[in-house]
Amino acid sequence: MAFKMNAGGDTAGHARLVVMTALGILALAAVAALLVFFIALRGAEQAMVPDLRDKDLLTALQELQAKELYPRIQTRYSGSATDRGFVLEQDPTPGTIVKAGRRVKLVVSQGMVVNNIEDYRGRNVEEVRMDLQALFASASMSLLMIKEPFMYEYSSEDAGTILQQKPEPGEPVSGPVTLEFVVSRGPAHIMRAAPNLWGLSPAEAAARLAEAGLGFQFSLREARGSETYGTVVFQEPARDEMLDSGRPVNVLVTSPAGQLETGEVFALFSYAVPENAYPLPVRLEILPPGTNSRTLLVEADFRGGSFTFPYQAVPGAVLILSMRGRELYRETVMPPMDGLSLDEI
């Protein structure tokens, strides 16, 4: 018996099979794509952030792991030695609903920045103040605070030197402590020789007085004859005379007779500075109009009282007086008043 092959029919069936297979693969791919799409829309499982504050770090990490959350840890000093290793703050806050896998920031205590009181005797009280500010800059609270005003005593130590302290050095710190200092005023009476200031500018005279350990008190009068304005024409006490270091040297400076051709003002700055137990650094700066750059006119140690210093500036400039980095007073330079002259001396 013989069989006859139908080549055309077999070819058509094979083509249909290939087409159906391809369509099936495309359908499966489409279904898979839809599943991925909807899974992506659904997102990760959600979790409630637990309250981790006041818990030790290990417990906090275990609770985060149970919620499928991850920590981001920061550390800082705190005000108690007993909370070392415990969570101080957290972000997000407790009860917040987040997706699983979210990072939670934990601020963990490093304990106290100091454990015992240092020995501050023999150090300058202003240096100690700055050191404590820097020490507790990153802490949630300042453990060591300085009681003011200080108690003062005359002594052979330089003015501002800490003579006694309370609490005593070495005492343990278990919480906020207020430091009480007895501070030196310097020697009660030191006699110094007045330097020669004649012919100097105000800035040069102030610098020479600072070298001699003396203060100043400036005043003005109009220039006479061939005198050059802006120079010292009189001082009291005179050169080489002895005076107490707590007493200022009176310095007389000439001013121009009439207005300056440039339209500037030559005048005397004056401000009553609060009295201090010992001289503190004072700066007088000038800020020209339309700028943010200050120019230093004078810097000197000043105990307190009337602070005076000559200046030359354009109207609208601002004079700024500061003590120990803190601004005390500012004044805007006004245009000159016609017909106004200084009293003759």
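Once C-alpha pairs closer than 8 Å and six or more residues apart are averaged by separation and normalised to the residue number of segment 103-235, the relative contact order reads 23 percent.
In terms of its C-alpha gyration tensor, the chain has an oblate overall shape, because the principal axis ratio a/c (a ≥ b ≥ c, square roots of the eigenvalues) is not below 1.5 and a/b does not outweigh b/c. Computed over segment 125-186, the P(r) curve from all C-alpha pair distances, binned at 5 Å from the origin, holds 4, 17, 24, 24, 17, 8, 4, 1 percent per bin.
Could you please report the charge total around A205, scoring K, R as +1 and D, E as -1 over all other residues with beta-carbon less than 14 angstrom from its beta-carbon? Neighbour charge sum, excluding A205 itself: -2.
Taking Cβ atoms as reference points and 11 Å as the exclusive limit, the residues near A188 contribute a net charge of -1, counting Lys and Arg as +1 and Asp and Glu as -1. Which of rounded, prolate or oblate describes segment 40-178 when judged by the alpha-carbon gyration tensor and an a/c cut-off of 1.5? Since a/c reaches 1.5 and a/b is larger than b/c, the shape of segment 40-178 is classed as prolate. Each of the peptides 28-34, 304-310 was scored by the mean count of other Cβ atoms within 10 Å over its residues; in descending order, highest first, they stand as 304-310, 28-34. In order along segment 211-223, the phi-based Karplus estimate (6.51 cos²θ - 1.76 cosθ + 1.60, θ = phi - 60°) of 3J(HN,Hα) comes to 4, 7, x, 10, x, 9, 9, 8, 9, 10, 8, 5, 5 Hz; Gly and Pro are listed as x. Normalising the average separation of contacting C-alpha pairs (under 8 angstrom, six or more residues apart) by the number of residues puts the relative contact order of segment 125-186 at 43 percent. First check a/c for segment 191-332, with a ≥ b ≥ c the square roots of the eigenvalues of its C-alpha gyration tensor; if it is under 1.5, answer rounded, and if not, answer prolate when a/b is larger than b/c or oblate otherwise. Verdict is oblate for segment 191-332. Peptides 180-191, 221-232 ranked from most to least packed give 180-191, 221-232, packing being the mean of other C-beta atoms within 10 angstrom over each peptide's residues. Of the beta bridges in the chain, as assigned by DSSP with both residues counted there, near 70 percent are antiparallel.
Segment 89-109 and segment 145-224 have Cα centres lying 52 Å from one another.
Quick note: the coordinates plus some simple rules give every number you see, no bench work behind them. Worth saying up front: this structure is predicted, and the values here are computed from it rather than measured. Every residue, glycine among them, receives a Cβ derived from its backbone with ideal geometry; neighbour counts consider all protein chains shown.
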